[in-house]
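Trainee: One structure is given below, represented as structure tokens, and several questions about it will come after.
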Amino acid sequence: MSSYAAIESEELQKRRWQIELEFVQCLSNPNYLNFLAQRGFFKDQSFINYLKYLQYWKEPDYAKYLMYPMCLYFLDLLQYEHFRREIVNSQCCKFIDDQAILQWQHYTRKRIKLIENVTAAQQQQQQQQANGVQASTGGELAAPTPNVNGTASTTDGQQTSSALQPAQAQQGNPQQQLQINGLASGANIKIELN
């Protein structure tokens, strides 16, 4: 009989976990928070204690199951009495809802623009490399040039191993010397993308 009780408790624990997951995710909706506040849930000390208990969802082991991470932000805000009092106001709720929508729209536009810029930069760099190889070699492979790590690479990206001698490093230009010594600034570093 004890095995039956253990099985039942595992099922109950799984169900409790699912209910808590769903409830925490509902907290990402400001209109739901307004609904709870208008019904007086945020005045009940046992409900406030329950909100404190739900803070474990911020741990990475649990947070990975959340589809709406904004709920964790609202869970934090609900720990403050001032926020619980203000969310009763419908205007406050509408303002928060509008700001969340604007943030999602801005984030989406910003993310798309960032991806487009990276793609365009990669295409431009590949085109410049292709034009540079053809112009400098006249269709032949370019001579190896030393890199920071002691290997030599051609302009078409092939690497051959050759150690830099200190005398060779001293003869190079100042930018190359800085790169060899590991002191190059961000403006002097060329990033090659595959």
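Trainee: List the number of the failed condition for Arg84; all other conditions in (1) modelled with pLDDT under 90; (2) under 20 Å from Phe41 (Cα atoms); (3) of a type in the set (D, E, K, R) hold.
Mentor: The one condition Arg84 does not meet is (1).
Trainee: Is it the case that some residue within the stretch 162-178 is more than 30 Å from Tyr32 (Cα to Cα), modelled with pLDDT under 50 and among the hydroxyl-bearing types (Ser, Thr, Tyr)?
Mentor: yes
Trainee: Taking Lys58, is it in contact with a helix residue (DSSP H, G or I) (Cβ under 6 Å, 6 or more places away or on another chain) and of a type in the set (D, E, K, R)?
Mentor: Yes, satisfied.
Trainee: Among the residues of the stretch 63-82, what is the count of those that are more than 20 Å from Gln18 (Cα to Cα) and among the aliphatic types (A, V, I, L, M)?
Mentor: Adding up the residues that qualify gives 2.
Trainee: Let me spell it out: the conditions are (1) more than 15 Å from Ala100 (Cβ to Cβ); (2) within 24 Å of the chain's Cα centre (by Cα), and Tyr68 meets all of them except one. Which number is the exception?
Mentor: Failing condition for Tyr68: (1).
Trainee: Among the numbered conditions (1) within 21 Å of the chain's Cα centre (by Cα); (2) more than 20 Å from Asp98 (Cβ to Cβ), tell me where Tyr50 comes up short.
Mentor: (1)
Trainee: May I pose another question? Hey, could you check the stretch 64-119 for residues that are assigned to a helix (DSSP H, G or I) and polar (S, T, N, Q) and say which is surrounded by the fewest Cβ atoms within 10 Å (Cβ to Cβ)?
Mentor: Filtering the stretch 64-119 for residues that are assigned to a helix (DSSP H, G or I) and polar (S, T, N, Q), the one surrounded by the fewest Cβ atoms within 10 Å (Cβ to Cβ) comes out as Gln91.
Trainee: Filter the stretch 32-46 down to the residues that are surrounded by 14 or more Cβ atoms within 10 Å (Cβ to Cβ) and not hydroxyl-bearing (Ser, Thr, Tyr) and list them by number.
Mentor: Leu33, Asn34, Phe35, Leu36, Ala37, Gln38, Phe41, Phe42
Trainee: Where residues in the stretch 65-81 are at pLDDT 90 or above and among the aromatic types (Phe, Trp, Tyr), which of them is farthest from Asn34 (Cα to Cα)?
Mentor: Per the stated criteria, the residue is Tyr65.
The values are calculated or read from the model by the stated rules, or taken from the named source; none is laboratory data. Predicted model, so just to flag it, every value in this text is computed and none were measured. Note that we place each Cβ from the backbone using ideal geometry, even for glycine, and neighbour counts take in every protein chain shown.
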